[in-house]
Amino acid sequence: MKHGFLRFPILAALVLSSPPVFSEGIRHAFCATYPGSDLVPLASAREKVARGGVRASSSTTRAAAAGRTGDVAVLVDQGDLVFTANSLDLQGKGLEFQPGYTVSRVDRPIAPDGSLIRLGDDDSREVPLPFAFPFFGKSYDKAFVNSDGNLTFETKDDASTARTLARLVSGPPRVAPLLADFDPSAGGWVSTTSSAAAFTVKWTNVPQFETGDKNTFELTLFPDGRITFSYDAASLTTGIEEGAAGIAAGGSIEGMQTTDLSAAAGVPFSRAIGESFRSETGIDLTAVARSFYASFGDDYQQLIVYTNRNYIPRSQGAFAYETTVRNSIAGIGTGVVDDGAAYGSRGRLESMVLMDSINKYSANPADRVLREETSLSVLAHEVGHRWLATARFNDSGVSSTELLGRQMAHWSFYMHSSGSHDEGNQIEDLGGGVFRTGPASQRYGPLDQYLMGLRPSAEVPPFFVIRDAVVDGVQSAERAPQSNVEIKGTRKDVTIADVIAAMGPRSPAPAPNPPAWRVAFLYVTKGDPGDAAGIALVDTIRAQFEAYFPLSTEGRLSIETRLK
């Protein structure tokens, strides 16, 4: 998954010029890759180990070995390749965090409602605090109340990305009695109570998004730095689709600790502590990679994983995602990172792709499996996330994110991306402020190829983004690519020089005739090691992609998918 510029979901340091307007009705579409999501498998693996998981998350501990059928590596889950469900168990309980820091189970009654604050879905409101609140060495006189069951300092968090433990600890400084996908616009309310002695935020009967349940809980801040959480006994579901509880200094998963909060008794921690909750089984990509390396060498830049069942949580509503393991490339909008040890890779692995259930895909390369996407274009989208799409451009001295759309990790619907696999559109300028989109997801465009290291900057032609754009009366840069759509707006031309001015030149610079991109196709199966049909479909897609990928790069990069 992508890091983006800061490697956590809130890109507060970026200055937006004419920022895109995101539509509330366009949620979790297509791909679960977003800035900071590469931390999710790492945080989940650490929590799994802390809970006594089967395998430790290190390069020296390996899960059961993988077998092979032809050029597909086959891994049989024996309970060591997954994260099991963890139901919310804080009903009628409470927690107290003491500066220093420790957390203990201290049950307190739920307080009455306070003054209502208006919050919608994925929303945030800044509120003053009645005292200077000390938190991890800093002092705050204001905070952001976020609809998704948490309070943050320094910056709001109203993103629609997955509500995970990684997001809790790696975003802004945060106090989260229950970070989950809550929607106050659909029911319940949020209120605050403020005095010189305490400040309380209460979520009352607030449902999860499109769920209809009721959830009541609260947090309280005290002038001496203490924090308490209280959870209602009757109005709090056990079925949190995906969420987490805890507090964090923010900015990193380093120093993160996990514990069973329902039984905490003076547990010490330094920067962050929490517990995640999920109603579904998830897949542990770090364990999958280590299992693969038990039988195969560290010879692959990318591992592509298909499974025989769905593992991406329904709350994300996504088809697939990419997680970046290593990056040392400058000038593409992504920070330097090396998490290879957690995946068992000594130095070669750069990325993993979870394509999820093979049942989503087709052996017919012409079949549409998602909107206008085929099995091969979906795969090209995720493979492309190794380099794409977090690029910015210089707009009169401002580092603009106008090229970016959904989750700040895909091209904007209003960007002429030459029909990129990673969104945007092929856009024709009809004149008079009217534009029309062409076929979606056709190739890696010239800018893509530059960022991938395949095309020199001198060969990237100017492109454009449409400002003040309107489609069907709505503004949304997050909209999925779609052909034959009329757009009205104002053209803003962009050059590769503008991109380089904002991010610096790509380093290493693009070079001709690069070696083939080397990947391995994996199939994770639960319950049936002889799943011949599933393995055959993975192998068919693998073979088709060997021809499709070079065409998508316009012959500038080949791909090698055979197992060594």
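What are the pairs with Cβ atoms under 9 angstrom where one residue, in segment 434-456, is more than 22 Å from Glu373 (Cβ to Cβ) and the other, located anywhere, is assigned to a loop (DSSP other than H, G, I, E, B) and of a type in the set (Phe, Trp, Tyr)? Sequence gap at least six, or different chains.
Within 9 Å, the pairs are Gly453/Trp387; Leu454/Tyr444.
Residues Ser399, Ser412, Ser417: which one is out of contact with any Ser or Thr (no Cβ under 6 Å at 6 or more places or on another chain), more than 17 Å from Tyr548 (Cβ to Cβ) and surrounded by fewer than 24 Cβ atoms within 10 Å (Cβ to Cβ)?
Step by step, each of Ser399, Ser412, Ser417 is checked, and only Ser399 is out of contact with any Ser or Thr (no Cβ under 6 Å at 6 or more places or on another chain), more than 17 Å from Tyr548 (Cβ to Cβ) and surrounded by fewer than 24 Cβ atoms within 10 Å (Cβ to Cβ).
Evaluate segment 434-444: report whether one residue or more is under 28 Å from the mean Cα position of the chain (by Cα) and part of a strand (DSSP E or B).
Yes, segment 434-444 contains a residue that is under 28 Å from the mean Cα position of the chain (by Cα) and part of a strand (DSSP E or B).
Here is a yes/no grid of residues against (1) assigned to a strand (DSSP E or B); (2) surrounded by fewer than 16 Cβ atoms within 10 Å (Cβ to Cβ); (3) at positive phi:
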site	(1), (2), (3)
Pro112	no, yes, no
Leu116	yes, yes, no
Pro128	yes, yes, no
Phe131	yes, no, no
Leu151	yes, no, no
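To keep it simple, each residue is scored yes or no on (1) under 17 Å from Glu275 (Cβ atoms); (2) at pLDDT 95 or above.
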residue: Phe153; (1), (2): no, yes
residue: Ala159; (1), (2): no, no
residue: Thr164; (1), (2): yes, no
residue: Val169; (1), (2): yes, no
residue: Pro172; (1), (2): no, yes
residue: Pro177; (1), (2): yes, yes
residue: Ser185; (1), (2): no, yes
residue: Thr192; (1), (2): no, yes
residue: Ser195; (1), (2): no, yes
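I need every pair where a residue in segment 234-254 that is without any contact (Cβ under 8 Å) to a residue 60 or more places away in the chain and in the same structural domain as Gly171 (by TED's automatic domain parsing) has its Cβ under 6 Å from the Cβ of a residue that is in a loop (DSSP other than H, G, I, E, B) and of a type in the set (Ser, Thr, Tyr), sequence separation at least 6 or different chains.
Ser235/Thr216
Scan (1) modelled with pLDDT under 95; (2) within 19 Å of the chain's Cα centre (by Cα); (3) over 26 Å from Thr390 (Cα atoms) for the single condition Gln316 breaks and write down its number.
Among (1) modelled with pLDDT under 95; (2) within 19 Å of the chain's Cα centre (by Cα); (3) over 26 Å from Thr390 (Cα atoms), Gln316 violates only (3).
Please go through segment 324-355 and pick out each residue that is outside any loop (DSSP other than H, G, I, E, B), out of contact with any helix residue (DSSP H, G or I) (no Cβ under 6 Å at 6 or more places or on another chain) and of a type outside the set (A, V, I, L, M).
Selection gives Thr324, Asn327, Asp338, Gly340, Ser351.
The values are calculated or read from the model by the stated rules, or taken from the named source; none is laboratory data. A quick note: this is a predicted structure, and the numbers were derived from the prediction, not measured. FYI the Cβ positions are ideal-geometry reconstructions off the backbone, even for glycines, and counts take in every protein chain you see.
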